[in-house]
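The values are calculated or read from the model by the stated rules, or taken from the named source; none is laboratory data. Treat the numbers as computed from the prediction; the structure is a model and nothing was measured. Cβ placement follows ideal geometry from the backbone for every residue including glycine, while neighbour counts extend to all protein chains displayed.
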Amino acid sequence: MLEDFKNRNVSEDTYYKVDIEAYPVTGWDKFKRVVQRTFKGELFVGLWVVMREMIDFKIHTVQYPEEKMPIGPRYRAIHEMKRLLESNTERCIGCGLCEKICISNCIKIDTKIDQNSRKEVSEYSINLGRCIFCGYCAEVCPELAITHGGRYENASDQREHFVMYEDMLTPIDVMKANAQKEFEGFGAITPHEDERVKKTPLAY
Amino acid sequence: MINFKINGISAQAKKGETILQVARRMGMYIPTMCYLSKANPNASCRMCIVEAKDVNGFVLSCNTPPTEGAEFFTDSPALFKERQNIMKLYNVNHPLQCGVCDKSGECELQNKTLEFGVAEQSFAVRDQARKKKKWGVHTYDPSLCILCEKCTTVCHEIVGSEALYIEVGGYKSHIDINLKNCIQCGECVSVCPVGAMASTEFKYTSNAWEMKKVPSSCAHCSSACSLNYEVKDGEIKRVTNEAEFSSLCGAGRFGFDFANNVSAKDSEAFDKAVAAFRDAKNVVFNSYITNEEAYLLNQLKQKLGFNLVNDEARAFKTFMKAFASTAGESLYSATLDDVRASDYAISVGCSIASDNPMVKFALSQAVGYKKAFVASIHPVEESAIANVISLFVKNEVGSEEAALAMIADAFVEDKSTQKEFFDSLDFGYLSGESNISEEEIAILKQKYARKKSPVLILGADVINHKSASNIGRIAGFIQKNTQFKVLVVPPVTNTFGVSLICDLDEKTAGYTVGYNVKGDFTLSAKGDGDLDMPALNSQEGTFVNIDKDLVVLNAAASYKGYELNDIASALGVKTQNVIDYTSKLGFKDVEFDDLENYYDNVGNAYRGYKIESKSTSADAKIQEVTELGEYNGSVVYDRDPISQFSPFTKDCKQIKGNLDLIGSEQFSIAAKIKSGDNVKFSVNGVEFVRHFRVDRHMKGTVAYNPVFDIDSKTSEYRYNQVKIEVING
């Protein structure tokens, strides 16, 4: 077994060789190939296949953009900002860790003190032109507030394509319909998380 | 010297040094929570316990001096366990939302909790509603407070305000404030190890790691305290300092937003400025300037031959020259550290609380640690320093010369060199005119007995006095012939530096270029002149401060316009950067980049270098005290509210203090004006329109007139007799 691993000369007998004719070298050989290809009628074989499939309507491609492939829960596309399940308010506490960890410096967060003298996010944007969708922001987030979503279509007519906090935030009607999806990918809580939580003692 | 051992290493302690101080000096680590190097130990946290050989139980290292031959151990499993338990108790009910704490990780509690491996809150008690409080520049969150008492300690010992106190109530204990005593200095914010005391304006706007620390010096008064500007995106967000060792007043900590935001070079205005310098007969400037730019102006003066005018620095220069002529050395002898360590202090002609807050802080520490006797000789009794002053001696306005003559007579023993002067003193006259009784001088003399380190503090009223030269000679004589150390408080940030570097002239008629002063052509760092200049927090350079130290100023706020060096280069005094002149200032041949600016592990400041005093001849004769001026009727005194110094502090968002004329009831009756009146008067040709307010704590017939909106500090005597006109409606 170990020998199999150690043998790095993988090309020896495991490769399947494609049957490729020798390339024509002389002028005469090249001329012969042109004549052969022109009068063999190969073209019509191909055209017939297309014609047959068209009439049959046996379509194998995904009809993008009308149709889309289902995307795995761990796919990392445009970020989402989640709401709290209990109160429907925003989960983001403005700690700034995502901005700090971001390796492509694309997150910008500004915070201020709000009327209830709590920390509030006043501005939050992600420059998607710079973002490399590494997922560090979602991993570092202590509140599971920023996650990756499945929206991968970010074509834009300019290089700096920003996404703002409000655009990422779960819409309130989606939230009320209980339709907010948790991110299951990197950095998300595991199914056994409840067992690992230690509670603060409440002696009274 | 006491010989003992820490962790088996032999150590030596000076008399009065504690185990903790020796350990820190030797680079050994003992954890603490409540200890503050600059203040007396609180001994409330018990983290600094150490084991002593052959002694049962633990010893508090922060307030125990070692004994000869003792052996201490700073770390052991038992000590770790004990400290861990202390941390567990500190964590009782402490909120766990570190992510939204204003401290953003610069937290002593967080550090020590992790250090001692406290992974969970193992105790809890029934919590109660704890209201967050807003006290002006600082806010207090009692639920974050760990009651280490650092804030109350600095408020009492360092600041001397006695505003903060502990409302005792077992687990309900919290900090409370006596707001009318608070001078809004923010010392409590700087020493708070957790996020309980926070700056109101800064709170939750930035995390500590987002800002770049620029070590610099404060530009507002002559203390030029060490501070760090914390910069994010080219904008100063807050000011921090080495709170463990040094202090800042409210202006330093909260008055940082005076940068001149210039985003592009205005070449048209620049060309005009160059032409203006060529035409100038006078160049007027104030002492809110770096040494390098002052040097540059002096170079330009030599090249172009204009009059270099800075009256306030010239008055200081004249005073120091007179001082040197009897003192035998060119500089006064005291520093703020000497004031801190003094046990006897007399202040003459200094409005202690507002002229230079660090002098007040230092006196407060002298009172707290050395039980110093502090006497203030001043025409107006200041309520802000009431708890620092042991004896207030009220003198008549204008009689500072008499006061100093009487002090010299009382304290100098060998009067032989100035025999004529002392023979000429007529006590009846002096006492009568100055209103200082012989009993008061007798008290001063009596309290002086057995004191070891007296200081004499002289303020702007002495420097700008009509007979300043003679006062200078008396002061120099006192320094030479008594054990008094003399501290002269320079009126403006870099008055001292300018007076040493520049050859100053009197203003003559003609075209005037003003630098931060109104002129025919004005260069202004306020952004209201003809050409923008960088403010002092966007400049590199040096100051000479009250301690005679040359201290470093670094550029923090971004500035993209022209500076004085560009104008000088266009006029033929060429160099790449203005800091190239640092080594040429005439003090020491040290390049700007080689100047140090930090505190070491035990709090020794390494800030630039000290200006050396030169010896001079000391044979000048003190003149007879001539007729003292009479000030009757309504007298106003140029005095700014605490933390206000100049037009630069005026526009700072967080510094309060308005332009009200403040006087006593007696003043209001004498001047026939009511509280709430708008009044008009003129002082030395400058017209003031002020709102009048009666302060019930004030006494006497002198009113405070704030002048921080005037761009150049006057060299005139700060008391002026005025005619006040009511302009209501």
message: Restricting to segment B:212-244, count the residues that are assigned to a loop (DSSP other than H, G, I, E, B) and within 20 Å of the chain's Cα centre (by Cα).
response: 12
- prompt: Checking residue B:608 against (1) touching a strand residue (DSSP E or B) at 6+ places or on another chain (Cβ under 7 Å); (2) touching a residue at least 24 places away in the same chain (Cβ under 8 Å); (3) surrounded by fewer than 22 Cβ atoms within 10 Å (Cβ to Cβ), which single condition isn't satisfied?
  reply: (3)
message: I need the full set of residues from segment B:415-451 which are among the β-branched types (Val, Ile, Thr) and more than 35 Å from the chain's Cα centre (by Cα), in order please.
response: B:417
- prompt: What residue, of B:27, B:16, B:69, B:57, is within 26 Å of residue B:368 (Cβ to Cβ) and surrounded by fewer than 14 Cβ atoms within 10 Å (Cβ to Cβ)?
  reply: B:16
message: When the residues of segment B:197-211 are narrowed to those that are touching a residue at least 24 places away in the same chain (Cβ under 8 Å) and assigned to a helix (DSSP H, G or I), which ends up nearest to the other protein chains (Cβ to nearest Cβ)?
response: B:209
message: If I filter segment A:91-124 down to residues being touching a helix residue (DSSP H, G or I) at 6+ places or on another chain (Cβ under 7 Å) and over 30 Å from residue B:140 (Cα atoms), which single residue comes out as farthest from the other protein chains (Cβ to nearest Cβ)?
response: A:103
query: Out of all the residues in segment B:354-374, which are more than 21 Å from residue B:251 (Cα to Cα) and either among the hydroxyl-bearing types (Ser, Thr, Tyr) or buried (at least 24 other Cβ atoms within 10 Å of the Cβ) (or both)?
result: B:366, B:369, B:372, B:374
query: In segment B:502-538, how many residues are within 19 Å of residue B:556 (Cβ to Cβ) and within 27 Å of the chain's Cα centre (by Cα)?
result: 10
- request: May I ask you to list pairs of residues, at least six apart or on different chains, whose Cβ atoms are under 9 Å apart, with the first in segment B:622-639 being outside the structural domain of residue B:460 (by TED's automatic domain parsing) and of a type in the set (D, E, K, R) and the second being surrounded by fewer than 17 Cβ atoms within 10 Å (Cβ to Cβ) and not in a loop (DSSP other than H, G, I, E, B)?
  value: B:624/B:420; B:624/B:424; B:630/B:721
- request: Search segment A:76-98 for residues that are touching a residue at least 12 places away in the same chain (Cβ under 8 Å) and pair each with any residue that is assigned to a loop (DSSP other than H, G, I, E, B) and β-branched (Val, Ile, Thr) when their beta-carbon atoms are under 8 Å apart and the residues are at least 6 apart or on different chains.
  value: A:77/A:71; A:80/A:170; A:81/A:170; A:82/A:170; A:83/A:89; A:83/A:170
field: Residue within segment B:249-269 that is more than 28 Å from residue B:297 (Cβ to Cβ), touching a residue at least 40 places away in the same chain (Cβ under 8 Å) and among the polar types (S, T, N, Q) present
entry: no
query: Does residue A:57 fit the bill of being surrounded by 10 or more Cβ atoms within 10 Å (Cβ to Cβ) and either touching a strand residue (DSSP E or B) at 6+ places or on another chain (Cβ under 8 Å) or more than 14 Å from chain B (Cβ to nearest Cβ) (or both)?
result: no
- request: Considering each of B:375, B:403, B:334 in turn, give the residue that is under 26 Å from residue B:467 (Cα atoms), small (Gly, Ala, Ser) and touching a Phe, Trp or Tyr at 6+ places or on another chain (Cβ under 8 Å).
  value: B:375
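Every residue, every condition in (1) closer than 23 Å to residue B:405 by Cβ; (2) modelled with pLDDT of 90 or more; (3) among the acidic types (Asp, Glu), yes or no:
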{"position": "B:596", "(1), (2), (3)": "no, yes, yes"}
{"position": "B:610", "(1), (2), (3)": "no, yes, no"}
{"position": "B:617", "(1), (2), (3)": "yes, no, no"}
{"position": "B:646", "(1), (2), (3)": "no, yes, no"}
query: Given the structure, is residue B:170 within 14 Å of chain A (Cβ to nearest Cβ), surrounded by fewer than 20 Cβ atoms within 10 Å (Cβ to Cβ) and either at positive phi or touching a Pro at 6+ places or on another chain (Cβ under 8 Å) (or both)?
result: no
task: Could you tell me whether any residue of segment B:167-189 is touching a Lys or Arg at 6+ places or on another chain (Cβ under 9 Å), free of Cβ contacts under 8 Å to residues at least 24 places away in the same chain, closer than 26 Å to residue A:93 by Cβ and assigned to a helix (DSSP H, G or I)?
output: no
field: Filter result (charged (D, E, K, R) and free of Cβ contacts under 8 Å to residues at least 24 places away in the same chain) within segment B:685-706
entry: B:687
task: Check off (1) loosely packed, with under 15 Cβ neighbours inside 10 Å; (2) away from every other protein chain (no Cβ under 13 Å) for residue B:109 and give me the number that stays unchecked.
output: (1)
- request: Would you be able to say whether some residue in segment A:70-84 is under 26 Å from the mean Cα position of the chain (by Cα), part of a helix (DSSP H, G or I) and either assigned by TED's automatic domain parsing to the domain that holds residue A:180 or aromatic (Phe, Trp, Tyr) (or both)?
  value: no
message: Can you tell me how many residues within segment B:261-288 are farther than 14 Å from residue B:567 by Cβ and of a type in the set (A, V, I, L, M, F, W, C)?
response: 3
statement: Note on residue A:59: of the conditions (1) over 30 Å from residue B:95 (Cα atoms); (2) among the β-branched types (Val, Ile, Thr); (3) within 22 Å of the chain's Cα centre (by Cα), unmet is (3)
message: Please go through segment B:508-557 and give me each residue that is out of contact with any helix residue (DSSP H, G or I) (no Cβ under 7 Å at 6 or more places or on another chain) and acidic (Asp, Glu), ordered by number.
response: B:520, B:528, B:532, B:549
field: Restricting segment B:115-157 to residues that are over 16 Å from residue B:89 (Cβ atoms), assigned to a helix (DSSP H, G or I) and of a type outside the set (Lys, Arg), the residue that is farthest from the other protein chains (Cβ to nearest Cβ)
entry: B:157
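Conditions tested, residue by residue: (1) among the polar types (S, T, N, Q); (2) in contact with a His (Cβ under 6 Å, 6 or more places away or on another chain); (3) free of Cβ contacts under 8 Å to residues at least 12 places away in the same chain.
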residue	(1), (2), (3)
B:576	yes, no, yes
B:579	no, no, no
B:593	no, no, no
B:602	no, no, no
B:613	yes, no, no
B:655	no, no, no
query: How do the strands (runs of 3 or more DSSP E) wholly within segment B:6-114 filter down when requiring 1 or more residues that are without any contact (Cβ under 8 Å) to a residue 60 or more places away in the chain, farther than 29 Å from residue B:166 by Cβ and not acidic (Asp, Glu): which remain?
result: B:9-13, B:49-52
